[in-house]
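The values are calculated or read from the model by the stated rules, or taken from the named source; none is laboratory data. Given the structure is predicted, the values throughout are model-derived calculations rather than measurements. Here Cβ is always computed from backbone atoms with ideal geometry, including for glycine, and neighbour counts include all displayed protein chains. Heads up: the accessible areas ignore ligands, DNA and RNA and are worked out on the full protein's heavy atoms, side chains in. Shrake-Rupley method; radii C 1.70, N 1.55, O 1.52, S 1.80 Å.
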Amino acid sequence: MKNKYLNNLEYYTILRMAAERAVCPETHARLLEETPLTDAANVRYLLLQTNALANHLLKNGTPRISSCQGADSAVRRAEKGGLLSMAELLTVSGALRNFSTLVNWFSTVEETENGAANPVNDLFYSITPQPVLEKRIPEAILSDTEMADTASDELYSLRRKIRQAESAIRDKLDAVVKNPNNSRYLQEALVSVKNGRFVVPVKAEHRNDIAGVIHDVSASGGTLFVEPTAVVEANAKIMQLRNQEQAEIERILGEFSQQVAEISPLFYAAWDAMLEIDKRLAKAALGLAMDAVLPAVNDEAAFSLVKARHPLLPKGHVVPVDIRLGFEYDTMIITGPNTGGKTVSLKTAGLLCAMAQTGYLLPAHDTSAVGVFENFLVDIGDEQSIEQSLSTFSGHMKNITGIFEQAGPRSLVLLDELGAGTDPAEGAALAISIIEKLREAGARIIATTHYAELKMFALETPGVQNAGSEFNIETLRPTYRLVVGVPGRSNAFLIGEKLGLPAGVIQNAQRHMSTEQRRFETVLTQLEDMKLEMKAQEEEIENLKHAASHQLESAREKRDALIQQGEDELAAARQKAKALADDVQNAAFGLMDEIKQMQKDKRQSDAQRAQRAREIARKDSELLGRRALDGTVQAPRQHIPLQTAQPGDEVFVPDMGKTATVVAAPDKAGGVEVRIGAIKTKLPLAELSALPKTGGRQPRPGTPMPGARKGDTALRTPQTELNLLGKTVDEALMEVDRFIDGAVMGGLSTLYIIHGRGTGALRSAITQHLKAHKGVKSFRLGQYGEGGDGVTVVELR
């Protein structure tokens with residue numbers, strides 16, 4: 001039975017809208033029977049479930065489940081030993097398919113949300129799929145009345161025998177009807193089936209000319225359907241086979257019914273979970289259609305609705321309102337002109353609170369919060385009632401009497417046009433008295449009225465707040481905004497003046513108002529002006545906040561860009577410093593060689609050698625200085641992967657910074673065999689690029705590097721030297737192998753092995769070892785400036 005108060009709020013319209021989105025008829029019934037919960041913890045959890053499923057719908061779409069009405073009844077019948085029909089088994093199979101669909105749909109959902117367990121975990125974990133039975137039933141049962149031949153081997157065999165017997169009978173009867181001697185006895189040359197037996201149509205006057213059993217007579221009596229004696233035995237055999245077929249079908253149905261009965265405990269749990277999920281999915285879908293949000297839930301009988309919209313009004317045609325009750329004040333008096341939105345605000349507050357307590361998301365801002373009320377007590381005015389029927393004063397009073405009987409500390413009382421329909425003075429006094437009585441009971445109250453006495457009552461009474469429906473005097477239309485803190489005005493004089501009433505009439509009407517009334521209207525005007533001014537200031541402050549926030553964000557972006565620029569410049573400086581250090585090292589090696597050469601040149605005097613050393617030092621210092629001032633570090637090159645490669649192509653390996661030669665064309669997987677120095681390897685084609693352009697031809701391994709002195713084959717650095725002084729022969733040869741392998745991988749072409757002169761044993765062993773090494777192209781003893789015969793210079797392949 002519908003609660004009349006909730007019905008006045010159009011609560012059941014919301015339930016019907018959700019029910020239309022449910023898949024199962026059982027869910028439809030459950031939704032229409034729901035009432036608001038009264039426990040804050042349960043309300044909070046139910047809202048979390050609805051919100052979680054709304055998020056899942058956005059991410060994963062709607063699960064494709066179907067209606068399977070009556071599946072639970074079929075399972076109960078099977079549990080009692082009943083034989084389920086093919087239609088019932090298909091319905092059960094549909095329910096099992098829904099179970100699997102929901103479990104698979106939920107498997108793509110995170111089991112936690114914001115670090116907490118997903119609130120719908122328990123519902124989905126209650127579902128136990130039965131994949132074997134779910135698959136077997138539709139494989140064996142093709143429709144409500146047809147079972148597949150493959151349902152069992154016995155059924156397949158019986159049906160094959162039936163088809164063979166029927167074919168033999170048809171052949172015999174075809175011979176009868178096609179026999180020229182029988183044509184005059186037959187009504188027509190065809191074979192038909194009557195009562196499951198094959199017959200031929202015989203003319204009534206020749207009933208004794210065709211021997212057999214008569215199974216039917218035509219409506220006119222002129223045709224007898226006779227089963228010829230020749231096929232009586234065969235027809236009987238078919239009937240026997242069909243009886244065996246039916247028995248086998250019933251055996252299969254009994255087997256399926258038993259299997260359904262065995263899973264009944266798991267089925268009931270999954271069935272109830274499926275209906276609850278379907279119910280919450282319907283609520284979530286309705287919430288998404290309304291652009292609804294999850295409100296906070298407090299334990300008090302208080303709510304704060306921010307930018308709330310009535311869910312039954314089109315979003316583009318409704319003005320959001322802010323309504324707050326139960327915190328600073330327990331009663332709100334809404335006043336203002338007719339059609340200004342007073343009753344819509346009243347209904348919005350009550351309906352949204354009732355929706356939240358039933359697990360529905362709210363069409364409001366996400367900062368909204370709701371409390372929990374034990375009952376909603378509503379007296380809606382005549383022209384705003386759902387049925388659009390007129391109510392008398394006595395009807396209102398009778399309704400309010402019923403409200404008195406139920407009002408309590410957790411009641412939300414909504415009164416529209418309180419005290420209307422009688423003498424204004426008496427009505428206003430009665431309205432104040434009703435509000436006071438309800439406040440004594442601890443109820444939360446929102447009332448709409450036109451009485452100035454109630455405006456004054458709200459101004460003078462602690463815990464009672466005025467609110468007004470805003471009205472645009474220039475356009476003579478309400479704005480439908482609810483302004484809290486300032487009572488609304490009917491603006492009758494201003495509206496009359498705008499509509500052309502004579503000024504004298506307006507002035508005379510004002511004189512009929514008492515001094516207190518005029519003073520009160522003046523105060524209201526001042527309050528309204530102040531409110532508008534404050535509102536304008538608030539909007540300006542919000543605009544300034546927005547501008548400041550935008551500027552702050554812009555400043556943060558600039559700061560991040562400067563930090564990144566600084567890091568890039570620092571990295572470039574470090575790279576430049578490293579390059580400069582390498583140049584200094586190389587120059588030092590060259591300088592040392594020049595000094596050694598001068599020391600050995602006996603033809604020069606000490607003064608000449610000193611002058612030459614100063615010139616070399618000054619020249620190299622100037623060169624290094626120019627490089628420090630003018631050198632720039634190039635940004636890392638962007639290498640474009642090759643699309644194809646041919647054997648013999650010179651390519652570049654960006655990851656290693658080395659040049660390689662293509663040995664074989666790319667295979668089907670895109671792998672390319674290349675040679676880097678003396679080592680062959682296979683690399684993906686995407687990791688190769690064309691040789692980087694340096695303004696000239698790419699230097700080949702072993703060619704002099706920029707900055708090297710004339711006569712050098714390669715720049716001599718610590719990375720190209722191996723010092724074996726003090727090593728035994730075995731230790732030295734192991735070091736040589738490791739050194740050459742590392743050099744090949746590093747793309748070096750020239751190495752310097754320092755072994756000293758000594759007895760020559762170490763040099764001889766190294767020489768013999770290098771001759772047999774596959775990675776060595778050639779080797780020689782060092783020249784003047786390279787270490788002489790104490791060093792072996794190795795050229796790699």
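Placing a label point 7 Å from the Cα of His769 along the Cα-to-Cβ direction, the residues of the stretch 718-746 whose backbone N falls under 14 Å of that point are 722-742. Remark: the Glu795-Ser66 segment gains 254.6 nm on full extension, using 0.36 nm per residue and subtracting the alpha carbon distance. For Ser554 and Asp655, the FRET efficiency from 1/(1 + (r/R0)^6), where r spans their Cβ atoms and R0 equals 51 Å, is about 0.85.
Measure off, as a whole percent, the carbon and sulfur share of the 1.4 Å-probe accessible area of the stretch 29-122, all protein chains present. Don't skip to the answer; put the middle values down first.
Working: 2200 of 4630 Å².
Roughly 48 percent, rounded to a whole number.
Once the chain from Phe393 to Arg511 is taken as fully extended at 0.36 nm per residue, the excess over their C-alpha distance is 39.4 nm.
Against the 2.2 N^0.38 Å scaling, with N counting residues, where does the stretch 155-246 land? I'd like the Cα-based Rg ratio to two decimal places.
On the way: Rg = 13.7 Å, N = 92, 2.2 N^0.38 = 12.3 Å.
So the Cα radius of gyration is 1.12 times the expected 2.2 N^0.38 Å.
Between Asn7 and Ala289, the modelled labels are 2.3 nm apart [label points 7 Å from Cα along Cα→Cβ].
Taking label points 7 Å from Cα along the Cα-to-Cβ direction, Ala686 and Glu735 give a separation of 4.4 nm.
The share of alpha-carbon pairs in the stretch 280-427 lying farther apart than 21 Å comes to 47%.
Of Lys307/Lys437; Lys347/Lys437; Lys315/Lys498; Lys342/Lys398; Lys576/Lys658; Lys59/Lys668, which sit over 28 Å apart, Cα to Cα?
Details: Lys307/Lys437 31 Å; Lys347/Lys437 22 Å; Lys315/Lys498 31 Å; Lys342/Lys398 23 Å; Lys576/Lys658 21 Å; Lys59/Lys668 38 Å.
Table pairs above 28 Å Cα-Cα are Lys307/Lys437; Lys315/Lys498; Lys59/Lys668.
Legend: calculated FRET efficiency, Ala219 to Glu188, from the Cβ-Cβ distance at R0 = 22 Å, rounded to 0.05, equals 0.90. Counting only protein heavy atoms and using a 1.4 Å probe, the accessible area of Glu533 comes to about 110 Å². The stretch 720-746 and the stretch 298-360 have Cα centres lying 86 Å from one another. Of the GluC sites (Glu not before Pro) in the stretch 170-279, the ones in a loop by DSSP (not H, G, I, E or B) with at most 14 other beta carbons within 10 Å are Glu188. The Cα-based radius of gyration and maximum Cα-Cα distance (Dmax) for the stretch 132-192 are 18.8, 60 Å. Rolling a 1.4 angstrom probe over the protein heavy atoms with all chains in place gives the stretch 65-168 an accessible area of 51 Å² per residue.
Can you pull out the chymotrypsin sites (Phe, Trp or Tyr not before Pro) in the stretch 278-360 whose DSSP state is coil and whose Cβ has at most 14 other Cβ atoms within 10 Å?
Numbers: sites: Phe303, Phe327, Tyr329, Tyr360; in loops: Phe327, Tyr329, Tyr360.
Loop-located and lightly packed - Phe327.
The residues of the stretch 245-361 expose on average 33 square angstrom of accessible surface per residue, using a 1.4 Å probe on protein heavy atoms.
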